[in-house]
Amino acid sequence: QIDPTGSVYFNLATAYLANRQTKKARTAALEFAGRRKGEARGLELVGDTYFAENDWQHALDQYLRAEKLLRPNQAHDQVQLSIRLGKTYRRLPSNGTQNLSLAIEKLSTAWSSNPTSLELATELGAAYLEARQDAKATQLTDKVLAAPELGKAPADQHAAIAALAGKALFNQHKLKEARARFEAA
């Protein structure tokens, strides 16, 4: 009653989601989305609750609704939503290569805007491997492995990138290079 903008519901939903209480998070996110009908953030948060429950189709539906509400001046929000969409498309059941192509498209868009994100590089590299685009995965991992940001990254992220590089090289029958990457991982 004190906060007519509903910000408290957004914060509450975020807190519930961080504590893996997805049903309570969804209730609060829906309340926020109801108070701010023209904003994408509420629908993104509802999609995040479904994503946390591995309900990929409902998460995708919410993210696509949120994408329609984004304005052209919200570039950062568009990148974040592209990441969410890419991850969701990757996890949807396969319908040929359409979902994987959409995932690569969304993740590539996000990567071009944020080329220092190791999480994003890992998702995009895995999508390339699933699509059997091993050369693109190798190019991506080579860029990431040569970047100075990787030295500051936690060991598990470094290992994930090196393992992706190894898989891509192995699929291209470059066994010596693949072995070196796997050993580094």
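Details
- Sequence ranges 30-41, 75-86, 14-25, ranked by mean other-Cβ count within 10 angstrom, highest first: 75-86, 30-41, 14-25
- Volume of the convex hull of region 60-167 (Cα atoms only), normalised per residue: 103 Å³.
- Between the beta carbons of Thr116 and Ser94, assuming R0 = 25 Å, the FRET efficiency works out to 0.25 to the nearest 0.05.
- Estimated distance in nm for a label pair at His58 and Arg179, the labels positioned 7 Å out from Cα along Cα-to-Cβ: 5.0 nm
- Global form of region 110-182, assessed from the alpha-carbon gyration tensor, a/c cut-off 1.5: oblate
- Calculated [θ] (222 nm, deg cm²/dmol) that DSSP helices of n ≥ 4 give over the chain, each run adding -39,500 (n - 2.57): -24500 deg cm²/dmol
- Relative to its residue count, region 1-94 spans a Cα convex hull of 92 Å³ per residue.
- A straight Cα-to-Cα reach below 28 Å connects Lys23 with the lysines Lys37, Lys68, Lys87, Lys106, residues fewer than 8 places away in its own chain not being considered.
- Debye equation applied to the C-alpha atoms of region 18-67, log10 I(q)/I(0) at 0.14, 0.22 Å⁻¹: -0.28, -0.68
- Nearest-ten-degree value, helix 56-69 long axis tilted from longest Cα axis of the chain: 70 degrees
- Selection from Leu30, Tyr50, Ser108, by position along the positive dipole direction of region 24-148 (Cβ): Leu30
- Label point of Val8 set 7 angstrom out along Cα-Cβ; within region 36-62, amide nitrogens under 17 Å from it belong to 36.
- Reachable aspartates and glutamates, given that their alpha-carbon falls under 17 Å from the alpha-carbon of Lys167 and they are not under 8 places away in the same chain: Glu123, Glu130, Asp134, Asp142, Asp156, Glu177, Glu183
- Calculated SAXS-style log₁₀ I(q)/I(0) at q = 0.23, 0.28, 0.30 Å⁻¹ - region 68-107, Debye, Cα scatterers: -0.69, -0.85, -0.91
- Calculated FRET efficiency for the pair Ala159/Leu70, C-beta based, R₀ 35 Å, to 0.05: 0.50
- Karplus-derived 3J(HN,Hα) values for region 142-150, using 6.51 cos²θ - 1.76 cosθ + 1.60 with θ = phi - 60°, are 4, 4, 5, 5, 8, 6, x, 5, 5 Hz; glycine and proline are entered as x.
- Extending 7 Å from the Cα toward the beta-carbon at both Glu149 and Arg20 defines two label points whose distance is 2.8 nm.
- Averaged over its residues, the chain has an accessible area of 57 Å² per residue, based on protein heavy atoms and a 1.4 Å probe.
The values are calculated or read from the model by the stated rules, or taken from the named source; none is laboratory data. Given the structure is predicted, the values throughout are model-derived calculations rather than measurements. Virtual Cβ from ideal backbone geometry, glycine too; neighbours counted across all protein chains shown. All accessible areas refer to the heavy atoms of the entire protein, side chains included, with ligands and DNA or RNA removed. Shrake-Rupley method; radii C 1.70, N 1.55, O 1.52, S 1.80 Å.
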